[in-house]
Amino acid sequence: MRVHIAADHAGYELRKYLIERLERAGHEVVDHGAKEYDAMDAYPTMCIPAAEAVAADPDSLGIVIGGSGNGEQMAANLVDGVRAALVWSESTAVLAREHNNANVIAIGARQHSREEAAHFVKVFLATAFSGDSRHEDRIAMMADYEQKRCK
């Protein structure tokens, strides 16, 4: 699976750790930075390009990382076609995929250990969308709004 990943300074070390784990697991990782630690960097400059790459590549998934994950999720969700979910537990990782067909997850590096975050990512990548019609209908409602908003 191709996985796009991005992090600001707060998620810099976790990003490096996850890239290593993902590559070892056989995933193709596309790194959108930050390429070096800069305490003054801004998450939108990494998270938006990562989200754009996911939107342009429907067979891929994405991970955006910051201190809390909140701003990173918000930035990713600005991109049409992206459904980014803030993940803070195994169940939120599963439900993000099963019910919402999320294609990007946001993780707060200051909220979880590296091992916890890696577990959330593993679960997210391994979980498929249920395809249940009620979930498809809800996603279609959001996509419809997204299209109308852009006109």
Residue among GLU28, GLU20 that alone is touching a Lys or Arg at 6+ places or on another chain (Cβ under 7 Å), surrounded by fewer than 17 Cβ atoms within 10 Å (Cβ to Cβ), modelled with pLDDT of 95 or more and of a type outside the set (Phe, Trp, Tyr):
GLU28
Pairs with Cβ under 6 Å, 6+ apart, first in the range 95-109 and in a helix (DSSP H, G or I), second among the small types (Gly, Ala, Ser):
ALA96/ALA85; ALA96/ALA102; GLU98/SER130
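Listed here are the residues, each with its yes/no results for (1) small (Gly, Ala, Ser); (2) under 22 Å from ALA75 (Cβ atoms).
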residue: HIS99; (1), (2): no, no
residue: GLN111; (1), (2): no, yes
residue: ALA117; (1), (2): yes, yes
residue: VAL121; (1), (2): no, yes
residue: ALA126; (1), (2): yes, no
residue: GLY131; (1), (2): yes, no
residue: ARG134; (1), (2): no, no
residue: MET141; (1), (2): no, no
residue: GLU146; (1), (2): no, yes
Does ASP144 satisfy the criteria of being of a type in the set (Asp, Glu), modelled with pLDDT under 95 and loosely packed, with under 13 Cβ neighbours inside 10 Å?
yes
Condition (residue is at pLDDT below 95 and either under 21 Å from ARG149 (Cβ atoms) or β-branched (Val, Ile, Thr) (or both)) applied to the range 60-80: is it met by at least one residue?
yes
Please work out if ARG83 is in contact with a strand residue (DSSP E or B) (Cβ under 9 Å, 6 or more places away or on another chain), open to solvent by less than 60 Å² (accessible area, probe 1.4 Å), modelled with pLDDT of 95 or more and more than 20 Å from ALA34 (Cα to Cα).
no
Among the residues listed as ALA102, ALA96, ALA106, the single one being open to solvent by less than 10 Å² (accessible area, probe 1.4 Å), touching a Leu at 6+ places or on another chain (Cβ under 9 Å) and farther than 24 Å from ALA34 by Cα
ALA96
Collect the residues in the range 112-137 that are modelled with pLDDT of 95 or more, surrounded by 14 or more Cβ atoms within 10 Å (Cβ to Cβ) and part of a loop (DSSP other than H, G, I, E, B), keeping them in residue-number order.
HIS112, THR127
Considering (1) open to solvent by 20 Å² or more (accessible area, probe 1.4 Å); (2) in contact (Cβ under 8 Å) with a residue 12 or more places away in the chain, say which one ALA51 fails and leave the rest.
(1)
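The values are calculated or read from the model by the stated rules, or taken from the named source; none is laboratory data. Remember, it's a predicted structure, so these values are computed and weren't measured experimentally. Cβ coordinates were reconstructed from backbone atoms using ideal geometry, including for glycine residues, and neighbour counts include every protein chain displayed. We work out accessible area using only protein heavy atoms, side chains counted, and drop any ligands, DNA or RNA first. Shrake-Rupley method; radii C 1.70, N 1.55, O 1.52, S 1.80 Å.
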